[in-house]
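The values are calculated or read from the model by the stated rules, or taken from the named source; none is laboratory data. Everything numeric here is computed off the predicted structure, so don't read it as measured data. Backbone-built Cβ (ideal geometry, glycine too); neighbour counts: all protein chains shown.
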Amino acid sequence: MREMGKSIKEVGLEDLLRVGVGDEEEAKCLMAKLKAAIAEVGFCEKELWHEITARKLLKPSHPHSLHQLIYYSVYRNYHNGPPLYWFPSLNESRCTNLGRIMETHCPKLFGASYKDPISSFKDFQRFSVQHPEASSCSSFDFEFLIYWSIVLKELPIHFLEAPKCILDTSDKSKRGGNWLPGSVLNIADSCVRSSNYSNKQDDSIAVVWRAEGDDDKEVNCMTLKQLREQVMMVANALDNMFSKGDAIAIDMPMTVTAVVIYLAIVLAGFVVVSIADSFAAKEIAARLRVPNAKAIFTQDSIVRGGRRFPLYSRVVEAAPLKAIVIPATGEDVQVQLRNQDLSWKDFLASVGHLPRPNYYFPVYQSIDSVTNILFSSGTTGDPKAIPWTHLSPIRCVADAWAHLDIHAKDVYCYPTNLGWVMGPVLLYSCFLTGATLALYHGSPLGHGFGKFVQDAGVTVLGTVPSLVKTWKSTGCMEGLDWTRIRMFASTGEASNVDDDLWLSSRVYYKPIIECCGGTELSSSYIMGSLLQPQVFGAFSSATMSTGFVILDEDGRPYPDDQACVGEIGLFPTQMGATDRLLNADHEKVYFEGMPMYKDTQLRRHGDIVKRTVGGYLLVLGRADDTMNLGGIKTSSIEIERVCDRADESVVETAAVSAAPPNGGPEQLAIFVVLKEEGMVISPDTLKKRFSKVIQSNLNPLFKVSAVKIVPMFPRTASNKLLRRVLREQWKQHLMIQSKL
């Protein structure tokens, strides 16, 4: 919360005028409506904020300073856990995917104790963890109701051979058990085939897209039938050139062509190697080498922000393997190709002799066959090569179905890349629910992207916090109508409360569903839920069927209902979680050194999590981002949360600590990026303000040793903050100081 300011009782007409509410007449009208809301529910913070948002008193067109004034003043004196900003409706909750199956099945499961989807959500989530299997059942079509049997009947997954059961735990060498054993399928086949059950018809719109620079043109559309025919044509061309099981890389922006290529590789029984288009040649080479890739799909260049950036030349520098090159614009590539390389046009022409080039019989495989090699961000050493199987997409779409409530009427947009886990997650979340995939071929940083979101009728918009920060600070989305959006999804890094306030206010305070997981989990382990009230920048629940404990410094679990801070320990029976790595020891990475819990060894994830009063969860960073200040353990993100809003000149902060070379307690340094380069504010002034908010909000014993103003922070290619680089800079500074 804001450290200074009035309570809602003290807000008057002059305050509304001060923050830019039109003229005096408009301010008087808003003041009267605020007083009416207060008269209705009183000054109880949650009820009052709920009333204000339900009445839509605050509009997207209002200045952000007004939204700040009302939100922070309503919750000025609130100390009962994190403030709630969105509240589920009972009627709407019953219409969600999860609420609907709860209404159908939970009365049988829980009897008279079942009330409704909101009241009984935690019980159902707990049930989904406690009953991952039904050992008494001999077939997939069993009557005993467990979570995964219900969900698999809801999703249009086509099995050539049905699984023998949900989970087989008889093989003790498999810590997480064998999921859906005996099943045979092709997950890409399920993506492109029609399904009456999920309202996926041949004439359904599967993909919409627009290229940067075409912002005033109509949005392009592709039906499911058109998508399937293009995927099958590419699958036929792949068969002409490669051997089954070959690894084939994709290094290009997430365009409609990239999506077609991805599905075709999987449909034809090959393996996708995912590479982000931002990587330098050395990083591309490392990702091609580990899975022994045989070829790579790429573009001649990348057009973004009105500029053209080379891509094919980086691929050529990385490796001598065959490249199939797609033009970034127009029909012909704009670079001279090597002899072994092919243009996209020539690649497709290779199937011109076939009588039915748009028809292909899918390659069906066992559930544990590898379909995709993804990589960790590689912040230290070589990135981990993480294999996805046909099971992995089932997990990621199940979480999107349950927590984001994705369904066939949705248009889902998430600016990402197939080189990162969110690319495949987005693709499968759309095509396995019948939702429309929305793609913008260009930069998501400007007005053009926002106009595409408006024109495409996007209903679910995915973001990363740094992207939201840019939209807010530049004002590039002003004047756009985003009110068809019914929710946001956010992942990648910790969210900023004030940035989320701005984002949610653009759509009359619809929810932002926070997601946190990992490539090796196939999805999230904690998320928000439409069946629970939501808090800015926080997670409201473990994902369905996910179990975890929060561990203290001695590896002992805290009670499930206790507010605490500690490292996450995941239950190993996590559907979709990896059981192997290509270039690292899976056992050592995820299990070695983890404690036992109820006779089972926990799985490592590495996040430090804070559970608040009320049970909400905040991710405070990785285990190596914790610090010890005056004998008290805290995290970088916890400090950054309060420093980010300590002064209007601050865009972002990064907190690191290090002990002096000659010993002694760790010293805290705050690195700062300012809103405007050259903005006049001294490090000493910021040091005083940071110290005040840290001591007021976190601990009076915490002391800021130094403030360093920098033009930008070091980040990974996936935009994650590299605190270890800043920590090393701080250590070097302390070493120099010790020698003076």
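Brief remarks on what is shown
- The condition (being assigned by TED's automatic domain parsing to the domain that holds His390, more than 30 Å from Glu92 (Cα to Cα), free of Cβ contacts under 8 Å to residues at least 24 places away in the same chain and more than 17 Å from the chain's Cα centre (by Cα)) is satisfied by just one residue among Pro559, Pro572: Pro559.
- The combined condition, being more than 24 Å from Gly245 (Cβ to Cβ) and surrounded by 17 or more Cβ atoms within 10 Å (Cβ to Cβ), is not fulfilled by Ala349.
- Qualifying residue in the stretch 243-256 (condition: under 30 Å from Ala435 (Cα atoms), modelled with pLDDT of 95 or more and part of a helix (DSSP H, G or I)): yes
- Top-ranked residue in the stretch 104-129 [being in contact (Cβ under 8 Å) with a residue 40 or more places away in the chain, out of contact with any Asp or Glu (no Cβ under 8 Å at 6 or more places or on another chain) and not hydrophobic (A, V, I, L, M, F, W, C); ranked as surrounded by the most Cβ atoms within 10 Å (Cβ to Cβ)]: Gln125
- In the stretch 18-61, the residues that are under 25 Å from Arg486 (Cα atoms) and touching a Gly at 6+ places or on another chain (Cβ under 8 Å): Leu48
- Residue identified as of a type outside the set (S, T, N, Q) and in contact with a Pro (Cβ under 7 Å, 6 or more places away or on another chain) among Gly555, Gly593, Gly547: Gly555
- Tabulated pairs, the stretch 2-23, first more than 16 Å from Lys35 (Cα to Cα) and modelled with pLDDT under 90, second among the basic types (Lys, Arg) and surrounded by fewer than 17 Cβ atoms within 10 Å (Cβ to Cβ), C-beta under 9 angstrom, 6+ apart or interchain: Glu3/Lys692
- Qualifying residue in the stretch 37-54 (condition: touching a residue at least 60 places away in the same chain (Cβ under 8 Å) and not charged (D, E, K, R)): yes
- Of all residues making up the stretch 271-305, the number that are charged (D, E, K, R) and without any contact (Cβ under 8 Å) to a residue 40 or more places away in the chain: 3
- Positions within the stretch 192-223 being more than 30 Å from Gly305 (Cα to Cα) and either assigned to a helix (DSSP H, G or I) or in contact (Cβ under 8 Å) with a residue 40 or more places away in the chain (or both), in sequence order: Val192, Ser195, Tyr197, Ser198, Asn199, Lys200, Ser204
- The set of residues from the stretch 695-713 being surrounded by 15 or more Cβ atoms within 10 Å (Cβ to Cβ) and at pLDDT 90 or above comprises Val704, Ser705, Ala706, Val707, Lys708, Ile709, Phe713.
- Test for Thr483: is it in a loop (DSSP other than H, G, I, E, B) and polar (S, T, N, Q): yes
- Across the stretch 16-46, the number of residues qualifying as surrounded by 13 or more Cβ atoms within 10 Å (Cβ to Cβ), small (Gly, Ala, Ser) and not in a helix (DSSP H, G or I) comes to 2.
- Residue that is farther than 30 Å from Asp585 by Cα and free of Cβ contacts under 8 Å to residues at least 24 places away in the same chain, where the choices are Leu404, Leu342: Leu342
- Scanning the stretch 102-125 for residues that are modelled with pLDDT of 95 or more, basic (Lys, Arg) and assigned to a helix (DSSP H, G or I) returns a single hit, Lys122.
- Sole exception among (1) buried (at least 24 other Cβ atoms within 10 Å of the Cβ); (2) over 30 Å from Asn583 (Cα atoms); (3) in contact with a helix residue (DSSP H, G or I) (Cβ under 7 Å, 6 or more places away or on another chain) for Val421, by number: (2)
- One residue from Glu677, Glu648 being exposed (fewer than 15 other Cβ atoms within 10 Å of the Cβ), more than 15 Å from Arg724 (Cα to Cα) and at pLDDT 85 or above: Glu648
- Screening Val507, Val458 for residues that are in contact with a Cys (Cβ under 7 Å, 6 or more places away or on another chain) and in a loop (DSSP other than H, G, I, E, B) leaves exactly one candidate, Val458.
- Test: residue in the stretch 316-326 that is exposed (fewer than 15 other Cβ atoms within 10 Å of the Cβ), in contact with a Lys or Arg (Cβ under 9 Å, 6 or more places away or on another chain) and either small (Gly, Ala, Ser) or assigned to a loop (DSSP other than H, G, I, E, B) (or both): yes
- Residue in the stretch 473-481 that is touching a strand residue (DSSP E or B) at 6+ places or on another chain (Cβ under 9 Å) and farther than 23 Å from Ile70 by Cα present: no
- Answer residue from the stretch 273-301, given it is assigned to a strand (DSSP E or B) and β-branched (Val, Ile, Thr) and is surrounded by the most Cβ atoms within 10 Å (Cβ to Cβ) among those: Val273
- If only residues of the stretch 536-556 that are of a type in the set (Asp, Glu) and without any contact (Cβ under 8 Å) to a residue 40 or more places away in the chain are counted, the one that is farthest from Lys122 (Cα to Cα) is Asp554.
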